[in-house]
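> Sharing a structure with you now.
The values are calculated or read from the model by the stated rules, or taken from the named source; none is laboratory data. On a predicted model such as this, the values are computed, not experimentally measured, just so you know. So basically every Cβ, Gly included, is an ideal-geometry build from the backbone, and we count neighbours across all protein chains shown.
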Amino acid sequence: MFLINLIFSLSLLSQSVQEIETATFTITVENVKSETGNIQIDIFNTEEGFLKKSYVSKTVSAQKGSITISFEDMPDGEYTAFVLHDKNENGQLDMSKMGIPNEPYGMSENGKNRFGPPNYKKSIFKVDSTKRSIKIRVD
């Protein structure tokens with residue numbers, strides 16, 4: 001009986017693993033004003049980790065205009081994305097003494113707040129079979 005239960009459980013687990021869809025997901029970063037520094041993209045999959053611990057991250061050399069970055073094997077789900085034009089390549093968003101960003105940045109779904117940090121819930125986008133790309137403007 002134990003063996004039958006084990007085989008049944010393994011077959012269910014195998015089916016659930018096979019049902020997870022993954023695909024290449026692209027983010028086009030728009031309004032890059034210069035080729036100075038890097039473009040850093042952080043994708044988050046939990047509110048607890050938002051702006052702290054990214055699910056996946058990529059950094060590429062900045063290109064004036066727009067640049068498209070691909071993320072391979074991205075599972076279907078809900079995410080947020082933060083894009084930084086890291087002009088001085090220090091890996092963080094530089095702020096003035098008053099807490100105002102000194103470098104261009106953007107959020108998925110335009111989730112930037114006029115004052116204060118970006119909003120997780122306003123920034124959520126879904127990746128599924130109908131949505132495999134988004135655009136984010138940096139200002």
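> Return the residue satisfying two criteria in turn: it lies in region 38-51 and is among the hydrophobic types (A, V, I, L, M, F, W, C) and not in a strand (DSSP E or B), and of such residues it is farthest from Lys87 (Cα to Cα).
My answer is Phe50.
> Give the number of residues within region 93-125 that are over 22 Å from Thr59 (Cα atoms) and within 18 Å of the chain's Cα centre (by Cα).
Selection size over region 93-125: 4.
> Here is a list of conditions, (1) out of contact with any strand residue (DSSP E or B) (no Cβ under 7 Å at 6 or more places or on another chain); (2) of a type in the set (Asp, Glu); (3) within 20 Å of Val32 (Cβ to Cβ), and Asp139 meets all of them except one; can you say which number that is?
Condition (1) is where Asp139 drops out.
> Follow-up question, since we're still on this one. Whether any residue in region 45-55 is modelled with pLDDT of 95 or more, under 20 Å from Pro117 (Cβ atoms) and touching a Lys or Arg at 6+ places or on another chain (Cβ under 9 Å) is what I want to check.
Among the residues of region 45-55, at least one is modelled with pLDDT of 95 or more, under 20 Å from Pro117 (Cβ atoms) and touching a Lys or Arg at 6+ places or on another chain (Cβ under 9 Å), which makes the answer yes.
> Condition check: touching a residue at least 40 places away in the same chain (Cβ under 8 Å) and either over 13 Å from Ile43 (Cα atoms) or of a type in the set (Ser, Thr, Tyr) (or both). Does Thr68 satisfy that?
yes
> Another one. Looking at Glu35, is it at positive phi, assigned to a loop (DSSP other than H, G, I, E, B) and modelled with pLDDT of 95 or more?
no
> Taking the conditions exactly as written (hydrophobic (A, V, I, L, M, F, W, C) and at pLDDT below 95), does Phe82 satisfy them or not?
Judged against the criteria, Phe82 is not a match.
> Here's a follow-up. I'd like to check which strands (runs of 3 or more DSSP E) are fully inside region 52-96 and have at least 3 residues that are surrounded by fewer than 17 Cβ atoms within 10 Å (Cβ to Cβ).
In region 52-96, 56-61, 65-75 are the strands (runs of 3 or more DSSP E) which contain 3 or more residues that are surrounded by fewer than 17 Cβ atoms within 10 Å (Cβ to Cβ).
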